[in-house]
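J.: Pasting a structure below so you can have a look.
The values are calculated or read from the model by the stated rules, or taken from the named source; none is laboratory data. All figures in this text were calculated on a predicted structure; none of them were measured in a lab. Here the Cβ positions follow ideal geometry from the backbone for every residue, glycine too, while neighbour counts run over all protein chains shown. Note: areas computed on protein heavy atoms with side chains; ligands, DNA, RNA excluded. Shrake-Rupley method; radii C 1.70, N 1.55, O 1.52, S 1.80 Å.
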Amino acid sequence: QVQLVESGGGSVQAGGSLTLTCAASGRSVSGFSVGWFRQAPGNEREFVAAIGWGSSSTRYADSVKGRFTIFRDYAKNSVYLQMNSLKPEDTAVYYCAADVSGFVVSTYTEYDYWGQGTQVTVSS
């Protein structure tokens, strides 16, 4: 069993930066792909970014390309989401998820394990 815990959320002004951490425990996720999703009130959960088991494969939602970077630290069994140039529309609860297949996917139903989420609030 894999447990995922997100951290690093908070409140920032537009243009600011945050780095979210997804820490895995229970077993190594080095062979898994890991994705970040977000959900704002009244909206469906949407894909943000994902990284494959080998780190060379990544995928981003168009809305965050050039502003967000996903990367992983195998030694720490963690995946990070560096978020720069934040906008008010980035406000949401951010979730990380792990997919045992190891392939980069953007559909949330493909993921097997989920964290509880961390709130990100961007003010204008």
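J.: Could you say which residue among VAL2, VAL79, VAL64 is β-branched (Val, Ile, Thr) and in contact (Cβ under 8 Å) with a residue 60 or more places away in the chain?
T.: Working: VAL79 fails: in contact (Cβ under 8 Å) with a residue 60 or more places away in the chain; VAL64 fails: in contact (Cβ under 8 Å) with a residue 60 or more places away in the chain.
Answer to the check: VAL2.
J.: Condition test on ASP90, is it over 13 Å from the mean Cα position of the chain (by Cα) and of a type in the set (Asp, Glu)? Steps first, answer last, please.
T.: Working: over 13 Å from the mean Cα position of the chain (by Cα): no; of a type in the set (Asp, Glu): yes.
So ASP90 does not fit the description; no.
J.: I'd like to verify a number: residues in region 1-22 that are surrounded by fewer than 19 Cβ atoms within 10 Å (Cβ to Cβ) and among the hydrophobic types (A, V, I, L, M, F, W, C), how many?
T.: Result for region 1-22: 4.
J.: More than 18 Å from THR19 (Cβ to Cβ), in contact with a Phe, Trp or Tyr (Cβ under 7 Å, 6 or more places away or on another chain) and among the basic types (Lys, Arg): is that true of ARG45 in this structure? Step through it out loud before you land on a result.
T.: Working: more than 18 Å from THR19 (Cβ to Cβ): yes; in contact with a Phe, Trp or Tyr (Cβ under 7 Å, 6 or more places away or on another chain): yes; among the basic types (Lys, Arg): yes.
Taking the combined requirement at face value, the residue satisfies it.
J.: While we're here: Here are the criteria: (1) open to solvent by less than 60 Å² (accessible area, probe 1.4 Å); (2) among the hydrophobic types (A, V, I, L, M, F, W, C); (3) modelled with pLDDT of 95 or more; (4) closer than 19 Å to GLY117 by Cβ. Tell me which single one VAL29 does not satisfy.
T.: Of everything listed in (1) open to solvent by less than 60 Å² (accessible area, probe 1.4 Å); (2) among the hydrophobic types (A, V, I, L, M, F, W, C); (3) modelled with pLDDT of 95 or more; (4) closer than 19 Å to GLY117 by Cβ, VAL29 misses just condition (3).
J.: Same structure, new question: Among SER124, SER106, SER78, which is the only one that is open to solvent by less than 60 Å² (accessible area, probe 1.4 Å) and over 15 Å from GLN39 (Cα atoms)?
T.: On the way: SER124 fails: open to solvent by less than 60 Å² (accessible area, probe 1.4 Å); SER106 fails: over 15 Å from GLN39 (Cα atoms).
Just one listed residue meets the conditions, SER78.
Here is a yes/no grid of residues against (1) open to solvent by less than 50 Å² (accessible area, probe 1.4 Å); (2) touching a residue at least 60 places away in the same chain (Cβ under 8 Å); (3) under 19 Å from SER7 (Cα atoms):
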position	(1), (2), (3)
SER25	no, no, yes
TRP36	yes, yes, yes
ALA50	yes, no, yes
ARG59	no, no, no
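J.: While we're on this one: With (1) modelled with pLDDT under 95; (2) more than 23 Å from GLY102 (Cα to Cα); (3) of a type in the set (Ser, Thr, Tyr) as the list, and SER17 as the residue in question, which single condition is left unmet?
T.: (1)
J.: One residue is enough: does region 97-109 have a residue meeting the conditions on the phi > 0 side of the Ramachandran plot and either β-branched (Val, Ile, Thr) or touching a residue at least 12 places away in the same chain (Cβ under 8 Å) (or both)?
T.: Kept after step one, since they are on the phi > 0 side of the Ramachandran plot, are these residues of region 97-109: 102.
Narrowing the set further to residues that are either β-branched (Val, Ile, Thr) or touching a residue at least 12 places away in the same chain (Cβ under 8 Å) (or both) leaves 102.
The answer is yes, given that some residue of region 97-109 is on the phi > 0 side of the Ramachandran plot and either β-branched (Val, Ile, Thr) or touching a residue at least 12 places away in the same chain (Cβ under 8 Å) (or both).
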